[in-house]
Amino acid sequence: MARNSSVMKSYQLAHERYAELGVDTDKALELLKQIPISIQCWQGDDVVGFEKADSQFGGGIQATGNYPGRARTADELRQDFEMAKSLIPGNHRFSLHAIYAETDGKRVERDEIGPEYFKNWVSWAKAQNLKLDFNPTFFAHPKADSGYTLAHRDKTIRQFWIRHGIASRRIGAFFGKALGSPAVTNLWIPDGSKDAPADRKTPREILKESLDEIFAEKIDPRHNLDAVESKLFGIASESYVVGSHEFYLGYAIQNRLLLTLDAGHFHPTEVISDKLSSVLTFLDEVLLHVSRGVRWDSDHIVIVSDELQAIAQEIVRGKYLRRVHIGLDFFDASVNRVCAWVIGTRSMIKALLLALLEPISLLRKLENQGDLSGRLALQEEIKTLPMGSVWDYYLAEQDLAVGMGWMDQVRRYEREVLSKRN
Ligand code: RNT
Ligand code: ZN
C-alpha cells in the first residue's frame, strides 16, 4: 500500500481523533484481524446441496428469488466462495451442511455419511487456509416430511436421524483434527406443529432422549464442539416448536454444550444481543447465527443494523471473543450470491470494528458516575467518528480495493463465470 496515499492520511487523522477518546485504532485492527467469522456455504446455492433429493427444502426454511448463477456443484460452490473470500478482509471459516457431501453420484443415505465424503472439502480448506464447521441436515428429506425428526413418535424414523446426528459429529471431529481447529457442529431440527398440539410434553421428552443418544459418544473438544439451535416458529410449525429456547438452554447447561442463538429465532422485538451476557453467565461458549429477519425469520443478508452493532458491542464489551463463535446464517437468492456473501460478512466485520473502536472506558466511567446525560451524549457523538477511515485502511493494508471497487470484480466474475451457468 502506498504509504502516503489519502487512505493513509485519513487513517492518521482518525487515529488521532480516536486517541482523544482513549481508543487505539492500531490495537483495534490487530484484534479485528484475529476474529474468525464462520461463513455459511448455503448462501452460495440457496440451501440446495448436492443430494438431488426427492424432497427439497422443507423444514420451514426457504431461499426466495431466482437470480441467475446459483452454484450447482461442489466445484462451482468452491470457486464462487474463493471469489467472495478474496474480497473479504481477515481469515475466516466455512460452514458446511451434510447435504454438501460429495458422493460421486452414488446415493448415500444421511445415516451413512462419513468423513470420506468430505475429503475434497478438507483438502480445499487446507489450500485456502480455511477452518471448517459442520451441520447435520435434518430437513429436505422424505423422512422429515412429517415435520418431525428426532422428536418423531416412530422409533425407526427417530433412530435414522439419531444415526445422522452421530455421523455428523464424527465428520465435525474429522474437520477439526485435519485442520487443527475444533469444528463447531450445530444441530438444528425443524420439529414442530402447524396447529396447537394436544401434547407439548411427549415430543420434548423424546427429543431429550434422542439428543442423549447423539451426544453419548465423547469427542475430544480439540476436534469438535457441539451446539444446539432453538427456534420460536417456522413455516408449518407456527404453533409449536419442540426445540424451543428454554428447551435447549436447559439442555446446553445440563450437558455443557454450546447454545446457538440465531438472530431470527425469537419474537420480532426480542434481540439476541441482550441474551449474550445472560447465557454466558451459565454457559462456557455459544455459537451465533447472525441473520437478519425482516418481519419474520426471513434470513435476509446481514447489514450494519442497530442490532448487529449491539451484538458486536456485547461480544467485545463482555470480553467474550474466545467464548462466542460468530457464524452467519442468511440465504438470499434474489441477488448475486457472491455479493451476498461479501456484503453480509463485511457487515459483521464492520460491526466488530465499530465495537472495537468504542470508547468503552469513558462510557463506563460516565455510567458509574451516574452521568446518564453524558453517557447518552457520548453514545451519539460516537456515531460520527471517522470509522470509515479506519475501515479503508484495514482493507488497503490487506491489498483490498477501497470503496466500491470490489463490486467491479464481482460484476466481472458474473459476466465471465456466473452468467454462463443455465
Ligand atoms: C433454520 C436454522 C438453521 C438453518 C441452516 C441452514 O431456521 O436457522 O440454522 O438456517 O442450518
Ligand atoms: Zn440458524
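Bear in mind that the values in this text are calculations on the coordinates, not laboratory data. All values derive from a computational prediction rather than experimental measurement. Every residue, glycine as well, gets a Cβ built from its backbone with ideal geometry; the counts of neighbours run over all protein chains shown.
Tabulated values for the structure
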{"item": "Å³ per residue enclosed by the Cα convex hull of the chain", "result": "146 Å³"}
{"item": "Debye, to nearest 20: dipole size of segment 275-402, +1 on Lys, Arg Cβ, -1 on Asp, Glu Cβ", "result": "180 debye"}
{"item": "Partner aspartates and glutamates for Lys275 [C-alpha distance under 17 Å; skip if fewer than 8 residues away on the same chain]", "result": "Glu229, Glu246, Asp262, Asp284, Glu285, Asp306, Glu307, Glu314"}
{"item": "Cα centroid separation - segment 197-214 against segment 68-121, whole Å", "result": "32 Å"}
{"item": "Three-way shape call for segment 221-320 based on the alpha-carbon gyration tensor, with the a/c threshold at 1.5", "result": "oblate"}
{"item": "Nearby lysines by direct alpha-carbon distance to Lys194 (threshold 24 angstrom, same-chain neighbours under 8 apart not counted)", "result": "Lys143, Lys155, Lys208, Lys231"}
{"item": "Length-normalised contact order of segment 323-414 in % [C-alpha pairs under 8 Å, at least 6 apart]", "result": "27 percent"}
{"item": "Share antiparallel - DSSP beta bridges, the chain, percent rounded to 5", "result": "10 percent"}
{"item": "Additional length obtainable on full extension of the chain from Arg421 to Asp104, 0.36 nm per residue less Cα span", "result": "112.0 nm"}
{"item": "Projected label distance in nm at Gln379 and Glu16, using a 7 Å step from Cα toward the beta-carbon", "result": "3.1 nm"}
{"item": "Choice from Leu21, Leu353, Leu257 showing the highest fluctuation, given a GNM over the chain with Cα pairs closer than 10 Å", "result": "Leu21"}
{"item": "Residues in segment 7-23 that a label on Ser361 would reach, taking backbone N under 15 Å of a point 7 Å out along Cα→Cβ", "result": "18-23"}
{"item": "Under Karplus coefficients 6.51, -1.76 and 1.60, residue-wise ³J(HN,Hα) of segment 292-303 in Hz, glycine/proline x", "result": "9, x, 10, 6, 7, 6, 8, 6, 5, 4, 5, 10"}
{"item": "Calculated FRET efficiency for the pair Asn368/Ile166, C-beta based, R₀ 51 Å, to 0.05", "result": "0.55"}
{"item": "The chain, helix-only ellipticity at 222 nm - DSSP H runs n ≥ 4, -39,500 (n - 2.57), divided by all residues, nearest 500", "result": "-13000 deg cm²/dmol"}
{"item": "Spin-label model distance (nm) - Arg322 vs Asn66, 7 Å beyond Cα toward Cβ", "result": "5.1 nm"}
{"item": "Normalised contact order of segment 132-228, rounded percent, pairs of Cα under 8 Å and 6 or more residues apart", "result": "40 percent"}
{"item": "Positive-end extreme of charge dipole, segment 59-138 - chosen from Ser86, Phe138, Asn120 (charges on Cβ)", "result": "Ser86"}
{"item": "Share antiparallel - DSSP beta bridges, segment 143-269, percent rounded to 5", "result": "20 percent"}
{"item": "Those lysines that a straight Cα-Cα span of less than 26 Å connects to Lys131, excepting residues fewer than 8 apart in one chain", "result": "Lys27, Lys33, Lys85, Lys119, Lys177, Lys218, Lys319, Lys350"}
{"item": "Val294 versus Ser334: modelled label distance in nm, points set 7 Å from Cα along the beta carbon direction", "result": "0.5 nm"}
{"item": "Estimated FRET transfer efficiency (Glu112, Arg222; beta-carbon r; R0 22 Å; 0.05)", "result": "0.25"}
{"item": "Percent RCO, i.e. relative contact order, over segment 262-345, from Cα pairs under 8 Å lying at least 6 residues apart", "result": "35 percent"}
{"item": "For Val184, residues with placed amide H under 5 Å, excluding near neighbours", "result": "Phe134, Leu225"}
{"item": "Pairwise FRET efficiency - Ser146 versus Asp399, Cβ, R0 = 60 Å, nearest 0.05", "result": "0.70"}
